[in-house]
Each structure stands twice: as structure tokens, then as C-alpha cells.
Amino acid sequence: MEYREIASGLEFPEGPVVLPNGDLLVTEIKAGRLTRITPTGEKSVFAVTGGGPNGAAIGPDGWIYVTQNGGFTWTERPLPDGRMGVYPGLQPPDYRGGSIQRVSPDGSIVETLYTHCGDIPLRGPNDLVFDAEGNFYFTDHGKTRERDRDRTGVFYASPDGKFIKEIIFPMEAPNGIGLSPDGKVLYVAETPTARVWACELAGPGEVRRRYVLATVPGAPPLNFAYLDSLCVDAEGNVIVATIVRGGVTSISPDGSRIEHTPTDDPLTTNCCFGGPDLRTLYVTLSATGRVVAFDGWPTPGLKLAFQA
């Protein structure tokens, strides 16, 4: 499929969210801010969070909830086609920990909601999704240092700051997260293993069992793949952003069908649905600092719990 460019010149965009008025909101991890993009591509700073804002979602109160990963060190190096790309690296010297932040609907207020789960510090929260109960699941990707990296998992929390609990541990750098159309299955992508896990829920925040839905193949000849964030369509297909083999990969609900749609950016990091009938798939191309749209996606998107 062909795609059209929505905006460029962004500093490692991620976390796309369609706002009630139809504008697109993205995080810019390298810049430490949230940016609003109009349908005509005009950009404006929505809020400054500092650190490394990663995933974003609209909560039941209309506020924007942000997984704050604490930032990275950054390098620039050539992409395979000769363009320069931006790459995240290790935990930065000014790292102060990870957190969950919330931003007011007009972007004027940025608050920190959680920095710990009990005595467990949040290291590098990555992505989140709200359920119909009004609470949210989120992944903690952890941070990598010169000689070691964190072991992390998946959490469930309320938007009022009153409860947070760890529901899956350990996982290998969990990244994207989403819910099935009936809300009974939680999907989690692991970055280094290229696995998408299906977690059957016994109730809100209660995992009954989990299994590997699919392992996404890489590109020949090395067959190397990483996974990033994901979304789910109305038919229950999991659409996960694929790193190295840049693009988005659609996985059927039973894991039997895997279809890859390429982009020209090896750090294709996230996606969300919007537009008329939720048939536009917005995708963040982070190494090259762009947001693109696939119009007329073959399947409609799943309307999120508090999406307008």
C-alpha cells in the first residue's frame, strides 16, 4: 500500500492519538514534548513533559495519559538509503526514572501520576491502553545501560492515582500493548524477541493465562526483527510496528495469518486509527522524524475506550 506524509521534521515521534477535533497528537521522545498536527500538517507544541514521552492515550476524564520513559542518549547515523536517521540508545546521564504523566485537555498542565508500583520503581514506561472500566494497562520497557538492562513487566493502574499493580513479570522489554474488541484479551509485544503475547483476562487487571500469539519474521537474509508499539482493528487483528524490517505487521486473532506492509523507515514505531470510519492508519516513522497515513486501510480500526 502507498502512504502519504502528514508531517516531517519531528524529533523521534511516537504515541499517535487522534484528538476529538480530528487533529493528531504525537509524542516527540527526543524533544520531551507532545505536538499537535492538523490535517493539513501544521505543527504546534501541545505540552512540554521533559524526559522521554513515549505512549499516549485519552482517559475517561479527557486528559492525555503519557508513559514517560525517562529519555535516552541519541546518535545520528546513515540509513540504508543514505539518509541520516536518529537512533535512541542507553539510559542518559540526566535520567531521573520513569513515570506515568497526565496532561490536561488544553495542554496547560502536566502532572506526574505514578513513579512507583509499591516499592518497584518505574524504569521506562512505554505504551498504554485504557479499558472500558476506565483504568489502564501499561508496559515498562526498562532502560539499557552499558553492561546491563532492567527486567520489567506489565502494570494495571487507575487514572486517579489511587491504585497500581504489577500483573505480568517478567517479560523481555515489553513494548506495545492493546486490547481485543471484546476487552477479554490483552496483547503485548516484546521488542527483542519479536513475539506478540495474548493474555487472556479473567477480569479487569487479572491475567488468567498467556501464550505467544505469533513471532514476527524478519527480513531476509538475516531474518532479524524487533517489535515496537501496536494497535488493534475492529476485526481483532493486531497491527504491530516492526523495527529493522520497517513497517507494520498485521496478525490475525488466532495468529495464523501474518501480513507485512513496509515503510521506508527501519524505526517504524507506532500506529493508530483515525479518519472517516476509522479507515486511516497513522504511523510514526521515528528515525526520519515523520508521520504518515495509509488511507483506506483494508480493515476499520477499533474505536478505543474513550476515543471521540
Fill in the blank from the handout: The residue from 203, 118 that alone is open to solvent by less than 50 Å² (accessible area, probe 1.4 Å) and not aliphatic (A, V, I, L, M) is 203
Exercise for the section: Scan the stretch 206-257 for residues that are over 19 Å from residue 177 (Cβ atoms) and part of a strand (DSSP E or B) and jot them down. Expected result: 219, 224, 247
Practice task
Return a yes/no flag: does the stretch 90-103 have any residue that is farther than 17 Å from residue 53 by Cα and buried (at least 19 other Cβ atoms within 10 Å of the Cβ).
Solution key: no
Practice task
Taking residue 210 as meeting all but one of (1) in contact with a Cys (Cβ under 7 Å, 6 or more places away or on another chain); (2) closer than 18 Å to residue 16 by Cβ; (3) not hydrophobic (A, V, I, L, M, F, W, C), write down the number of the exception.
Solution key: (2)
Fill in the blank from the handout: Filtering the stretch 228-253 for residues that are in contact with a strand residue (DSSP E or B) (Cβ under 6 Å, 6 or more places away or on another chain), in contact (Cβ under 8 Å) with a residue 40 or more places away in the chain, surrounded by fewer than 24 Cβ atoms within 10 Å (Cβ to Cβ) and among the charged types (D, E, K, R) leaves a count of 1
Practice task
Inspect the stretch 127-140 for any residue being on the phi > 0 side of the Ramachandran plot and open to solvent by less than 10 Å² (accessible area, probe 1.4 Å) and give the result as yes or no.
Solution key: yes
Practice task
Considering every residue within the stretch 53-76, establish whether at least one is open to solvent by 10 Å² or more (accessible area, probe 1.4 Å), among the hydrophobic types (A, V, I, L, M, F, W, C) and in a loop (DSSP other than H, G, I, E, B).
Solution key: yes
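Being free of Cβ contacts under 8 Å to residues at least 24 places away in the same chain and of a type in the set (S, T, N, Q) narrows it down to one residue among 144, 115, 152; which is it?
None of the other options fit; the residue is 115.
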Problem - Residues located in the stretch 258-280, provided they are open to solvent by less than 10 Å² (accessible area, probe 1.4 Å) and part of a loop (DSSP other than H, G, I, E, B) - result: 265
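The values are calculated or read from the model by the stated rules, or taken from the named source; none is laboratory data. Worth saying up front: this structure is predicted, and the values here are computed from it rather than measured. No Cβ is skipped: glycine too gets one built from the backbone with ideal geometry, and neighbour counts run over all protein chains shown. For the accessible areas, the whole protein counts, side chains as well, though only heavy atoms, and no ligand, DNA or RNA atoms are used. Shrake-Rupley method; radii C 1.70, N 1.55, O 1.52, S 1.80 Å.
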